[in-house]
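The values are calculated or read from the model by the stated rules, or taken from the named source; none is laboratory data. This one's a predicted model, so the numbers in the text were calculated from it and none came from an experiment. Neighbour counts are summed over all protein chains in view; Cβ atoms, including those assigned to glycine, are modelled from backbone coordinates with ideal geometry.
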Amino acid sequence: MTTIYLALLGGALSLYTLSMVTGFLHLFRPLPQQTLWCKRFILAGSVFHLLAFLCRCIQAQTLAVTNLHESLSFFALLLGLAFLLVARKTPIPTLGTFTSPLLIIFTLWALATTHAITPQPPILKSFWLPLHVLLSFAGNAFLVLGCSTSVMYLIQEHLIKKKKIKGIFHKLPALQKLDELNYLCLRFGFPLLTLGIISGSVWASFAWGSHWSWDPKETWSLITWLLFAALLHGRMNSGWRGRKAALLTIIGFAAIMFTFLGVNLMLSGLHSYTH
């Protein structure tokens, strides 16, 4: 079954790569149906990825998110699914172009850190594990998707200021549309992240006898939450939008990546990955 799992994950990576290629071809050498195929390749890649994840869970006989390899793979899967949901609700053809490189990076990194299945520690055998992980990763996936729209926003704004109204300028959406999509990702992602932190706190009380222990992962999760809470508050009450919102989303993305990977790989704590 391990061979099947790796083949499915490799297939997902190949489809994400095809999505990126067709997406960037649309930006620079547009042909009919390219953006449609970009989305289709992400859809097909997500199906392969989901099958690979289910295969791994069957092998592990639990939710397969207990090491770096599995966490990277699961995050890439949720990012792909978040893209499909947002693209269905607010179709922007070039969103897949800027999301597919992230899918490739996380999936390729997962393949490069393939880890054998090991028995799950007793402390992880809890109902709260899948709930906490699913909510936290899903929230982060939507917020990272917001970073993709922020990058598009800054590129389009730069082109407008330089009056380069040709080439990819015509392929990127209007600034208002990108800002609205950024806000949509925030409205999806922030509540999920909040519930993820709350469920993790409840789980910690059962596992370690304390709701909060200021573990490095917990501390940086709180920092990340505060950043996006400030952004949401600013959008709702202070009129933060456009360039400011895009830059703050990118800063939030950096905080997510450090919380997700940097803390686990560079700092010791209760959440450190087994490689």
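How many residues does the stretch 192-244 contain that are at positive phi and under 23 Å from the mean Cα position of the chain (by Cα)? Before the answer, list the steps.
As a first pass, look at the stretch 192-244 and keep what is at positive phi: 209, 214, 239, 242.
Checking which are under 23 Å from the mean Cα position of the chain (by Cα) leaves us with 242.
Here the count works out to 1.
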message = Pairs please, first residue from the stretch 193-204 and assigned by TED's automatic domain parsing to the domain that holds residue 142 and within 22 Å of residue 230 (Cβ to Cβ), second anywhere and among the acidic types (Asp, Glu) and surrounded by 17 or more Cβ atoms within 10 Å (Cβ to Cβ), Cβ atoms under 9 Å, 6+ apart in sequence or on different chains.
response = 197/218; 200/218; 201/218
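Taking the options 60, 76, 64, name whichever one is surrounded by 20 or more Cβ atoms within 10 Å (Cβ to Cβ) and more than 21 Å from residue 142 (Cβ to Cβ). Working first, answer last.
Details: 60 fails: surrounded by 20 or more Cβ atoms within 10 Å (Cβ to Cβ); 76 fails: more than 21 Å from residue 142 (Cβ to Cβ).
Going through 60, 76, 64 in turn, the sole match is 64.
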remark   = Among (1) within 19 Å of the chain's Cα centre (by Cα); (2) assigned by TED's automatic domain parsing to the domain that holds residue 5; (3) more than 19 Å from residue 46 (Cβ to Cβ); (4) among the small types (Gly, Ala, Ser), residue 110 falls short only on (3)
